[in-house]
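Undergrad: Just passing along the structure, written as structure tokens.
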Amino acid sequence: MNRSDLVEVLAARFGQLTVNDVELAVKAILDAMNDALVSGHRIEIRGFGSFSINHRAPRIGRNPRSGESVAIPEKRVPHFKPGKALREQVDRRTEELKTA
């Protein structure tokens with residue numbers, strides 16, 4: 001599911017909202033989450049999961065084509081950890097699809 005799919009699903013579920021209203025709401029939520037992660041904050045949505053920033057230390061990698069060593073700088077990357085309720089629901093529905 002991508003962003004436009006999410007907007008369509010939410011607009012269909014909440015008929016009193018226009019597609020533009022839903023699109024603005026989704027954009028506002030994602031922008032707020034982005035700003036929080038950039039600021040170094042952790043985002044926790046109960047029953048869904050948490051987003052945080054992981055730090056990757058600098059390291060030496062290899063160019064697969066030439067085999068020469070390449071310095072890879074440190075970076076900060078977003079990380080998502082699903083919550084218990086989400087994990088259980090995905091597991092249960094996956095099992096239901098397997099048996100159907």
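Undergrad: Taking the stated definitions as given, is Ala12 over 19 Å from the mean Cα position of the chain (by Cα) and either in a helix (DSSP H, G or I) or of a type in the set (Phe, Trp, Tyr) (or both)? Give the derivation first.
TA: Numbers: over 19 Å from the mean Cα position of the chain (by Cα): yes; either in a helix (DSSP H, G or I) or of a type in the set (Phe, Trp, Tyr) (or both): yes.
Spelling it out, Ala12 is indeed over 19 Å from the mean Cα position of the chain (by Cα) and either in a helix (DSSP H, G or I) or of a type in the set (Phe, Trp, Tyr) (or both).
Undergrad: So how many residues does segment 40-56 have that are touching a Lys or Arg at 6+ places or on another chain (Cβ under 9 Å) and either open to solvent by 50 Å² or more (accessible area, probe 1.4 Å) or not in a strand (DSSP E or B) (or both)? Lay out the reasoning, then the answer.
TA: Keep residues of segment 40-56 that are touching a Lys or Arg at 6+ places or on another chain (Cβ under 9 Å), which gives 40, 47, 49-56.
Those left that are additionally either open to solvent by 50 Å² or more (accessible area, probe 1.4 Å) or not in a strand (DSSP E or B) (or both): 40, 47, 53-56.
So the count comes out to 6.
Undergrad: Given the options Glu96, Glu88, name the one that is of a type in the set (Asp, Glu) and either touching a Ser or Thr at 6+ places or on another chain (Cβ under 6 Å) or open to solvent by 100 Å² or more (accessible area, probe 1.4 Å) (or both).
TA: On the way: Glu88 fails: either touching a Ser or Thr at 6+ places or on another chain (Cβ under 6 Å) or open to solvent by 100 Å² or more (accessible area, probe 1.4 Å) (or both).
One residue alone meets the criteria, Glu96.
Undergrad: If you check Ile29 against the conditions, is it in contact with a strand residue (DSSP E or B) (Cβ under 6 Å, 6 or more places away or on another chain) and open to solvent by 90 Å² or more (accessible area, probe 1.4 Å)?
TA: no
Undergrad: Something else now. So Gly67 clears everything in (1) part of a loop (DSSP other than H, G, I, E, B); (2) open to solvent by 60 Å² or more (accessible area, probe 1.4 Å); (3) not β-branched (Val, Ile, Thr) except one condition, right? Which one?
TA: (2)
Undergrad: What number of residues within segment 70-85 are open to solvent by 100 Å² or more (accessible area, probe 1.4 Å) and in a helix (DSSP H, G or I)?
TA: 1
Undergrad: May I pose another question? Pairs only if they're at least six apart or on different chains, beta carbon under 8 angstrom, first in segment 82-99 and under 15 Å from Gly47 (Cβ atoms), second open to solvent by 70 Å² or more (accessible area, probe 1.4 Å) and in a helix (DSSP H, G or I); list them, first residue then second.
TA: Listed pairs, sorted by first residue: Pro82/Val90.
Undergrad: Could you please tell me which pairs satisfy a Cβ distance under 8 Å, a separation of 6+ or placement on different chains, a first residue in segment 52-63 that is within 30 Å of Gly83 (Cα to Cα) and of a type in the set (Val, Ile, Thr), and a second residue that is at pLDDT 95 or above and open to solvent by less than 60 Å² (accessible area, probe 1.4 Å)?
TA: Close Cβ pairs (under 8 Å, with a partner that is at pLDDT 95 or above and open to solvent by less than 60 Å² (accessible area, probe 1.4 Å)) amount to Ile53/Leu37; Ile53/Val77.
Undergrad: If you check Ala11 against the conditions, is it in contact with a Ser or Thr (Cβ under 9 Å, 6 or more places away or on another chain), among the hydrophobic types (A, V, I, L, M, F, W, C) and surrounded by 10 or more Cβ atoms within 10 Å (Cβ to Cβ)?
TA: yes
The values are calculated or read from the model by the stated rules, or taken from the named source; none is laboratory data. This structure is a prediction, so every number in the text was calculated from the model and none was measured. Every residue, glycine as well, gets a Cβ built from its backbone with ideal geometry; the counts of neighbours run over all protein chains shown. Just the protein is used for accessible areas: all its heavy atoms, side chains included, with ligands, DNA and RNA removed. Shrake-Rupley method; radii C 1.70, N 1.55, O 1.52, S 1.80 Å.
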